[in-house]
Amino acid sequence: MRKVYNFSAGPAVLPNEVLKQAADEMLDYKGTGMSVMEISHRSKIFEEIINNAEQDLRSLMNIPDNYKVLFLQGGASQQFSAIPMNLMKNKIAHYVITGQWAKKAYEEARKYGSAIKAASSEDKLFTYIPDCSNLNIDTNSDYVYICENNTIYGTKFKNLPDTKGKPLIADFSSCFLSEPIDVTKYGLIFGGAQKNIGPAGVTIVIIRDDLITNTPLQETPTMLNYKIQADNNSLYNTPPCYGIYICGMVFKWLKKLGGLEEIKSINYKKAKILYDFLDESKMFRNIVEPEFRSIMNVPFITGNDNLDSTFIKEAKQAGLENLKGHRSIGGMRASIYNAMPIEGVQKLVDFMKEFELNNI
Ligand SMILES: *Cc1c(COP(=O)(O)O)cnc(C)c1O
């Protein structure tokens with residue numbers, strides 16, 4: 001048992017079992033007398049670690065054979081550049097703007113071609129997901145881009161856009177492995193590991209074969225070239241070995257738990273406990289349109305900045321860590337990723353009830 005519940009949006013909570021096993025293996029990984037941090041990325045031992053991680057991820061997400069899995073670095077933000085550099089052949093792509101991360105990806109893409117806002121929810125401070133059932137997509141558009149789960153605003157796509165046949169590219173940073181998805185609906189799925197999978201430093205890209213080509217923009221750095229990374233099985237240079245090892249253990253933890261159907265049911269239970277309370281509370285509220293609520297990131301406010309900061313301070317004293325909202329919008333945010341146990345959410349709600357009674 002740990003002393004606190006960590007609601008950080010990222011880097012975020014990891015399963016106790018995984019961290020314990022990592023601690024046990026720290027000085028001597030499987031009788032090698034060495035730490036995973038100390039072994040060659042070209043060794044048999046590491047080969048096994050990265051191959052097992054890939055196989056377990058494939059089985060968890062049911063990733064078809066015509067998709068490559070890449071373990072890269074640079075964070076989700078670096079993919080904001082890699083995606084247009086590799087995929088913008090006709091130099092035109094469509095972006096759905098549902099928050100700051102989508103906006104950053106869009107701004108980055110504008111450096112390499114014509115990035116077009118296909119839809120946006122900025123008019124209402126990103127508190128909803130725009131209707132994407134009939135987007136105006138150019139016939140020669142290279143792809144349609146979305147941010148599947150909006151970490152800062154707490155919204156999530158419940159219906160995927162009609163891309164008019166163009167590949168769908170999705171930032172999964174804050175909802176990776178939170179529930180089963182149909183990988184075949186996407187051309188490319190990517191995300192930083194530090195929200196729901198493992199330590200910062202690993203970026204996962206799942207990309208359909210036909211999108212890996214020999215013709216990225218000419219100035220594309222070697223390290224950002226999907227073809228080169230795929231041909232080298234993510235070992236073109238030294239990968240984030242230790243981070244991949246932790247991700248692999250998280251995959252095993254999820255499999256043992258029952259896979260993505262099971263974690264989905266747990267995640268929905270956790271989210272329901274919190275949203276049900278927010279909907280009945282007279283002090284706290286969530287301002288997202290209910291049908292677009294995220295099950296991973298739950299922002300809430302009292303409407304009074306002073307009360308918000310008192311709440312965050314007292315919650316911390318009660319062992320509820322990192323409840324401060326994103327610096328751009330303030331308020332509070334509880335990130336309740338896979339590794340957050342139901343008891344953590346229950347404890348948060350109990351604390352909120354008590355705080356409300358004491359401060360009304
Ligand atoms: C955190 C986050 C990012 C940025 O990730 P980095 O790995 O820090 O670059 C991008 N997109 C989403 C949806 C995020 O939650």
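Values computed for the structure shown
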{"quantity": "Candidates 137, 146 - the one that is in contact (Cβ under 8 Å) with a residue 12 or more places away in the chain, surrounded by 19 or more Cβ atoms within 10 Å (Cβ to Cβ) and within 16 Å of the ligand (Cβ to nearest atom)", "calculated": "146"}
{"quantity": "Among the candidates 212, 197, 189, 204, residue that is within 16 Å of the ligand (Cβ to nearest atom) and closer than 17 Å to residue 84 by Cβ", "calculated": "189"}
{"quantity": "Qualifying position, being over 20 Å from the mean Cα position of the chain (by Cα) and either more than 16 Å from the ligand (Cβ to nearest atom) or at pLDDT 95 or above (or both), among 39, 63", "calculated": "39"}
{"quantity": "When residues of the range 36-75 are limited to those that are free of Cβ contacts under 8 Å to residues at least 24 places away in the same chain and part of a loop (DSSP other than H, G, I, E, B), the one surrounded by the fewest Cβ atoms within 10 Å (Cβ to Cβ)", "calculated": "65"}
{"quantity": "Which listed residue, of 314, 261, is of a type in the set (Asp, Glu), in a helix (DSSP H, G or I) and farther than 20 Å from residue 159 by Cα", "calculated": "314"}
{"quantity": "Residue tally, condition over 26 Å from residue 198 (Cα atoms), buried (at least 21 other Cβ atoms within 10 Å of the Cβ) and of a type outside the set (Gly, Ala, Ser), over the range 303-360", "calculated": "2"}
{"quantity": "Check on residue 288, assigned to a loop (DSSP other than H, G, I, E, B) and in contact (Cβ under 8 Å) with a residue 24 or more places away in the chain", "calculated": "yes"}
{"quantity": "Residue within the range 298-306 that is in the same structural domain as residue 265 (by TED's automatic domain parsing), more than 25 Å from the chain's Cα centre (by Cα), within 30 Å of residue 253 (Cβ to Cβ) and without any contact (Cβ under 8 Å) to a residue 40 or more places away in the chain present", "calculated": "no"}
{"quantity": "Filter result for residue 71 (under 20 Å from the mean Cα position of the chain (by Cα), within 16 Å of the ligand (Cβ to nearest atom) and farther than 17 Å from residue 190 by Cβ)", "calculated": "no"}
{"quantity": "Residue in the range 275-289 that is surrounded by fewer than 20 Cβ atoms within 10 Å (Cβ to Cβ), aliphatic (A, V, I, L, M) and closer than 18 Å to residue 178 by Cβ present", "calculated": "no"}
{"quantity": "Qualifying residue in the range 155-165 (condition: out of contact with any His (no Cβ under 9 Å at 6 or more places or on another chain), free of Cβ contacts under 8 Å to residues at least 12 places away in the same chain, closer than 22 Å to residue 210 by Cβ and more than 16 Å from the ligand (Cβ to nearest atom))", "calculated": "yes"}
{"quantity": "Complete set of residues in the range 14-60 that are among the hydroxyl-bearing types (Ser, Thr, Tyr) and within 17 Å of residue 240 (Cα to Cα)", "calculated": "29, 35, 40, 43"}
{"quantity": "So residue 261, is it under 15 Å from residue 344 (Cα atoms) and either modelled with pLDDT under 95 or under 24 Å from the mean Cα position of the chain (by Cα) (or both)", "calculated": "no"}
{"quantity": "Hey, residue 174 of a type in the set (Gly, Ala, Ser), buried (at least 19 other Cβ atoms within 10 Å of the Cβ) and in contact (Cβ under 8 Å) with a residue 12 or more places away in the chain or not", "calculated": "yes"}
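Yes/no matrix, rows are residues, columns are (1) of a type outside the set (Val, Ile, Thr); (2) outside any strand (DSSP E or B); (3) without any contact (Cβ under 8 Å) to a residue 12 or more places away in the chain; (4) closer than 30 Å to residue 8 by Cβ:
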residue: 197; (1), (2), (3), (4): no, yes, no, yes
residue: 201; (1), (2), (3), (4): yes, yes, no, yes
residue: 204; (1), (2), (3), (4): no, no, no, yes
residue: 217; (1), (2), (3), (4): yes, yes, no, no
residue: 229; (1), (2), (3), (4): yes, yes, no, yes
residue: 233; (1), (2), (3), (4): yes, yes, no, no
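Residue by residue, here is whether (1) buried (at least 17 other Cβ atoms within 10 Å of the Cβ); (2) out of contact with any Pro (no Cβ under 9 Å at 6 or more places or on another chain) holds:
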| position | (1), (2) |
| --- | --- |
| 215 | no, yes |
| 220 | yes, yes |
| 226 | yes, no |
| 232 | no, yes |
| 235 | no, yes |
| 239 | yes, yes |
| 243 | yes, no |
| 253 | yes, no |
| 256 | no, yes |
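The values are calculated or read from the model by the stated rules, or taken from the named source; none is laboratory data. The structure presented is a predicted model; accordingly, all values stated were derived computationally and were not measured. Here the Cβ is made from the backbone with ideal geometry for all residues, glycine too, and neighbour counts use every protein chain on show.
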